[in-house]
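The values are calculated or read from the model by the stated rules, or taken from the named source; none is laboratory data. This is a predicted model, so every value here is computed, not measured. Glycine gets a Cβ as well: all are built from the backbone with ideal geometry, and neighbour counts include every protein chain shown.
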Amino acid sequence: MISSATTEDSKISGLLPVIAAFFGNATVCVAKFLGFALTGSGAMFSEAVHSFADTANQSLLIIGVKKTKKQPNHLFPYGYGRERFIWALISACGIFFIGAGVTIYHGVEALINKPEIQFNVWNLYILLAAFIIESFTLWLAFKDVRRHFPEDTWKTIFRKADPTTLAVIYEDGLAVIGVALAGFSIILSQVTGQIFWDAIGSIAIGTSLGIAAIILIAKNRNYLITKCIPVEAEEMVLAVLNSDPAIEKVLDFKSAVLDVDKYLIKCDIEFNASALMKEFNKHHFLENEYEEVKESYENFLKFSVDYMDRVPRLVGQKIDDLEKKIRAQVPEAVFIDMEIN
């Protein structure tokens, strides 16, 4: 018996920080490429590529978040929740190959060829503006995850949070670090007259992007290969089932995360017949009907047919009650599939 509950939410989870990061990075990207054109700095080029990759990746994340809101249909009965993880995985691969790959390549090329760079104070102004914008979008992403997990530690949040919002946190966090590295590298190169520092800054930025991309790829992979629901949520569901006197035992329990706020729960249960009978007879229906049918076999047969009709309805009502109790404890349990053994 499969049931589902729709969740109404006017704000799509994870969308605001992604949109803010998209416009922030698009603005910063143009400014950084202008700075590179003025000076030829490898670190500035790395930052420009970094911002371009972030802008492209966040456009993919927006597509993924919007597609998850499509309603379930006969082809996709559990909805489109995993679209979010597919597009987030593509985004993470983009960070790795475009952001990290191009940036590290440019840094290594600068170490080998030692191109001339020109110092321009506008580079520092551009990096300062980028630092402010990236810090603001990073703050929005942190605020979004804290809103969803107000009581959890940051370690728990990074384990449970929406990969889309986490991607913004990683990207903008690295962008803030990258801006600082780029500024430091440019200043060192100007003070020492050595291109070495500019190239090292570029490689350091690319390496940090690669590490973040690998973390995000691993996280989205876990969701795409059907990750089970969190242990705490599973324990709450089992507590509801095992505490009900009508449940003899839970024979099998499986679960899956369909989206950041949608869980699928499937379990096989065995009912306690005596507990069901007590519930069925709590208003003395059987006692009253016994007096009516005990004198006539024909009446007894009619009662038996009626009784057989009542049992499935009673079992169905009990399952509905259990599902309501489960959703009261775990609101994310949108799809519940209970089978009677």
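For G64, state whether it is assigned to a helix (DSSP H, G or I) and either within 14 Å of the chain's Cα centre (by Cα) or buried (at least 19 other Cβ atoms within 10 Å of the Cβ) (or both).
yes
Condition check ((1) surrounded by fewer than 16 Cβ atoms within 10 Å (Cβ to Cβ); (2) out of contact with any Lys or Arg (no Cβ under 8 Å at 6 or more places or on another chain)) across all residues:
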residue	(1), (2)
F196	yes, yes
A204	no, yes
I217	no, yes
R221	yes, yes
T226	yes, yes
V260	no, no
C267	no, no
E270	yes, no
A275	yes, yes
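Filter the range 315-337 for residues that are of a type in the set (V, I, T) and within 14 Å of S243 (Cβ to Cβ) and give the result. Give the derivation first.
Going residue by residue through the range 315-337, those that are of a type in the set (V, I, T) are 315, 319, 326, 330, 334, 336.
Result: I326, single match.
May I ask you to verify whether T39 is modelled with pLDDT under 85 and among the polar types (S, T, N, Q)?
So T39 passes the test.
Can you run down the residue pairs with Cβ atoms below 6 Å, 6 or more apart or on separate chains, where the first is in the range 326-341 and within 21 Å of V315 (Cβ to Cβ) and the partner is of a type in the set (D, E) and at pLDDT 90 or above?
These pairs meet every condition: I336/E323; E339/D268; N341/D268.
Of all residues in the range 102-157, count the ones that are within 31 Å of the chain's Cα centre (by Cα), farther than 26 Å from I19 by Cβ and part of a loop (DSSP other than H, G, I, E, B).
The qualifying residues number 2.
Go through the range 258-278 and report how many residues are assigned to a strand (DSSP E or B), among the hydrophobic types (A, V, I, L, M, F, W, C) and out of contact with any Phe, Trp or Tyr (no Cβ under 6 Å at 6 or more places or on another chain).
The total comes to 3.
Would you check if there is a residue in the range 18-28 being modelled with pLDDT of 85 or more, part of a helix (DSSP H, G or I) and more than 24 Å from A180 (Cα to Cα)?
Looking for residues that are modelled with pLDDT of 85 or more, part of a helix (DSSP H, G or I) and more than 24 Å from A180 (Cα to Cα), one finds none in the range 18-28, hence no.
Given the options W122, W139, name the one that is surrounded by fewer than 22 Cβ atoms within 10 Å (Cβ to Cβ), under 30 Å from T39 (Cα atoms) and of a type in the set (F, W, Y).
None of the other options fit; the residue is W122.
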